1. In the list Leu99, Leu137, Leu110, which residue meets the criterion of being crowded, with 20+ Cβ neighbours inside 10 Å, in contact with a helix residue (DSSP H, G or I) (Cβ under 6 Å, 6 or more places away or on another chain) and either under 19 Å from Gln75 (Cβ atoms) or of a type outside the set (Asp, Glu) (or both)?
2. Mind listing whichever residues of segment 146-166 are outside any strand (DSSP E or B) and touching a strand residue (DSSP E or B) at 6+ places or on another chain (Cβ under 8 Å)?
3. Could you list all residues from segment 11-45 that are surrounded by 14 or more Cβ atoms within 10 Å (Cβ to Cβ) and hydrophobic (A, V, I, L, M, F, W, C)?
4. For segment 97-138, what are the residues that are assigned to a loop (DSSP other than H, G, I, E, B) and without any contact (Cβ under 8 Å) to a residue 24 or more places away in the chain?
5. Mind listing whichever residues of segment 204-253 are assigned to a helix (DSSP H, G or I) and in contact (Cβ under 8 Å) with a residue 40 or more places away in the chain?
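Quick note: the coordinates plus some simple rules give every number you see, no bench work behind them. Since the model is a prediction, treat every value here as computed from it, not as a measurement. Here the Cβ is made from the backbone with ideal geometry for all residues, glycine too, and neighbour counts use every protein chain on show.
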Amino acid sequence: MANKQQFANYEDKKLRIHPKGEVIRFGVIGDTHLCSKYQQLTFLKWFYEFVAKHKGEFVLHAGDIVDGEHVYRGQQYETFLQGFDDQLGYTVENYPNGLPTYAITGNHCLSHFVRGGGDIGKAIAQQRPDFHYLGQLGAYVYINDLKVYIAHGMGSPAYALSYKVQKMIEAFSSENKPNMLIVGHWHSAFQAFIRNVFAMTPASFQGQTPFLRRMAIFPVVGGYFVEIVPDRKGIHRFKYEFLPLYKPRSHDY
């Protein structure tokens, strides 16, 4: 898996979002892996429609927007488009629209950066005004006064779903600790409340690939619809709904 030190322009960027109303509604997703033969584009589009229909104002994306190339041996045979330009063009044309998306890139996206210096997250944002690029692997987003940290994890999943999320929360200093933590990469759906941080791993929109099967990993496909009521101390009420896809489509591209 990729290590953040290999990315020259890695930094935690900060962005403020100013939603309307007392209740803040939005979608949380990760690992869409567009251009993978196992992508779930139909369900991804349905998810955006659901969020918009239920008065969600935006979607937060925890990385691996595209599947990239040469992330592991034989990965090129698991994609239907290869190369920076083709994966960029497909994503710009096919990624759902209708809601603003705030995204970081993950290790699959950054395989293009490692091989040729192209940052596909930045390139998507330049061609899609509804797509806002936050940076590589991690970023702070302020939803009014709420501090949210979006990250893309590293390595294989731990035996316990909570372990790596818990260690990440323990590693935050008091001044950097967010109200909410969203971590992509492991294709798992998990929620917790640790050190006064509402944490979740937002599953994926990619079915089981041959690589995941060899790794004995069965991915969870789905995303979260979140409702938050903030107060002066942080989050007064936190409500979420997980929207799963039980049977991924074949050749959904």
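1. Working: Leu99 fails: crowded, with 20+ Cβ neighbours inside 10 Å; Leu110 fails: in contact with a helix residue (DSSP H, G or I) (Cβ under 6 Å, 6 or more places away or on another chain).
Sole residue among the options that is crowded, with 20+ Cβ neighbours inside 10 Å, in contact with a helix residue (DSSP H, G or I) (Cβ under 6 Å, 6 or more places away or on another chain) and either under 19 Å from Gln75 (Cβ atoms) or of a type outside the set (Asp, Glu) (or both): Leu137.
2. Step one: of segment 146-166, the residues outside any strand (DSSP E or B) are 153-166.
Matches in segment 146-166: Gly153, Leu161, Ser162, Lys164, Val165, Gln166.
3. Residues satisfying the conditions are Leu15, Ile17, Ile24, Phe26, Val28, Ile29, Leu34, Cys35, Leu41, Phe43, Leu44.
4. So in segment 97-138, the residues assigned to a loop (DSSP other than H, G, I, E, B) come out as 97-100, 106-110, 117-119, 128-130, 137.
Within segment 97-138, Gly117, Pro129 qualify.
5. We begin by selecting, within segment 204-253, every residue assigned to a helix (DSSP H, G or I); these are 210-214.
Pro210, Phe211, listed by residue number.
Residue by residue, here is whether (1) surrounded by fewer than 19 Cβ atoms within 10 Å (Cβ to Cβ); (2) touching a strand residue (DSSP E or B) at 6+ places or on another chain (Cβ under 8 Å) holds:
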residue: Gln126; (1), (2): yes, no
residue: Asn144; (1), (2): yes, yes
residue: Met168; (1), (2): yes, yes
residue: Ala203; (1), (2): no, yes
